[in-house]
Amino acid sequence: MSIYSVQKTSVGLRASFGVRDGAGGSVASCDRFLTELSQRDCSVYTQRAYAIGLAHFFNWLNSSGLAPDHVTRQIFGTYIVEFARGSKQGAVSSRSAQKPRQPRTINHRISVLSSYFDYCIRCDTEDGQGAWNGRINPVSGNPLAEVPRHGMVGRDLPSRKQQRDGFRRRTPHTLPRRLEPSEIQKLIDTAASWRDKAILTLLSRTGQRIGDWSTIAGRHGILGMAMEDLDRKRHTITVRLKGARDEHRVPVTDDFWPLLDRYLSTERRTSAYASALWMAARKGLGKPLCYASFESSLRYIARKAGVSVHPHLFRHTLAQGVLDTTGNIKVAQEILGHSRLTTTTDLYMKVDQNAMVSALAQAKASSDRSMKNPRSLPPTQYVFAYDDETILELERAIAQAAGFEPADGDL
């Protein structure tokens, strides 16, 4: 039975989250921690994920008859084992909801609770009193994560990523799946509305994130586009990137614009003052299209077309296509909007099938040449082809210069 729950409140255009107990009272340590996340300008999605993680952990402690202030490393280890065995959850139900949680999900929950206990230890230590004053973090094993750093090799403790707490799961590297061109076209043809056809075309031609439009959480990605983000003269669109929400301009192919015109002229129903480009239909008529509504529409289209797909798969497909045709990782980074080149290389540089085939073929050819032409003996140490008597004299001179006279039998 769930006692603790997440409560969301809105102040103006900003949302805040807290954890409430069974009586509706606030959990002070959780609320202060979540407030600090908000002050650090963490996104609303991050705050919500942390609040959900804390509520789940406190419910587990309550069902186990344990107090939050007496959590030990052994208790936390038991929680993580049970959490890993539990079924994953999400905003949209699916057939895979009964599968065990993935390593990334488990590691995220470990990070959430490690940060929470770091906060409790830091606050109680600064106050000189409290349940966590001077204690060790039961997750990471550290008294404080944010210790002073000298910035010199050998004088600083390892960073959190370098510390082995024993709870984190190894995350396997899996190659992103790609859609075939015929599958993309089948999805576009199956879509019943011009809006969905235009969005699917934009996803497959630009590789941008699907994003969302939210008055509280902000807007980003394709769903976060406004009318002024279209530039027909330059054939480009402007999207806001994830995280910092920086503006990112990308070119669009010609097949997108006719679909957009059909959508704008026949389906977009809203007031003249609404700035959102993509509008919901049916129950949400006249309101900006949100991620949940589009994801539901995409699942219907995918089932009808017989194609397994999710919005991010279009991004993987375009990135791999750019690398296959150009081989330029910097171009792929600019298109995708990654702030770091390593993000692009870690995701996509290991999937170049043609490069691997070529490298193996070259290695085999080199091996075949070595078998046909074995290496000859190393060349003589003398530049000129001296006769044996001259070589004998040269070696004797070298030996004398070294301080000893070799016997004739040694030469």
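The values are calculated or read from the model by the stated rules, or taken from the named source; none is laboratory data. Remember, it's a predicted structure, so these values are computed and weren't measured experimentally. All Cβ positions, even for glycine, are placed from backbone atoms using ideal geometry, and neighbour counts span all protein chains on display. With ligands, DNA and RNA removed, areas are computed over all heavy atoms of the protein, side chains included. Shrake-Rupley method; radii C 1.70, N 1.55, O 1.52, S 1.80 Å.
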Problem set entry | Intensity falloff of the stretch 178-285 expressed as log10 I(q)/I(0), Debye formula with alpha-carbon point scatterers, at q = 0.18, 0.20, 0.24 Å⁻¹ | -0.94, -1.16, -1.55
Seminar exercise, completed: Relative contact order in percent for the stretch 223-287 (Cα pairs under 8 Å, 6+ apart) equals 31 percent
Exercise. Taking the Cα-to-Cβ direction at Ala67 and at Arg303 and moving 7 Å from each Cα, how far apart do the two end points lie in nm?
Worked result: 5.0 nm
Seminar exercise, completed: Extension length gain for Arg232 and Leu285 (0.36 nm per residue less Cα distance), in nm, is 16.5 nm
For this session: Compute, for Asp127, the solvent-accessible surface of its heavy atoms (probe 1.4 Å) with the complete set of protein chains present, and express it in square angstrom to the nearest 10.
Result: 110 Å²
Problem set entry | Mean separation of Cα contacts under 8 Å, 6 or more apart, over the residue count of the stretch 247-333: relative contact order % | 12 percent
Seminar exercise, completed: With the label point 7 Å along the Cα-to-beta-carbon line of Arg249 and a cut-off under 15 Å to each amide N, the hits in the stretch 327-342 are 335
Exercise. Of the peptides 181-187, 337-343, how do they stack up when ordered by the mean number of other Cβ atoms within 10 Å, highest first?
Worked result: 181-187, 337-343
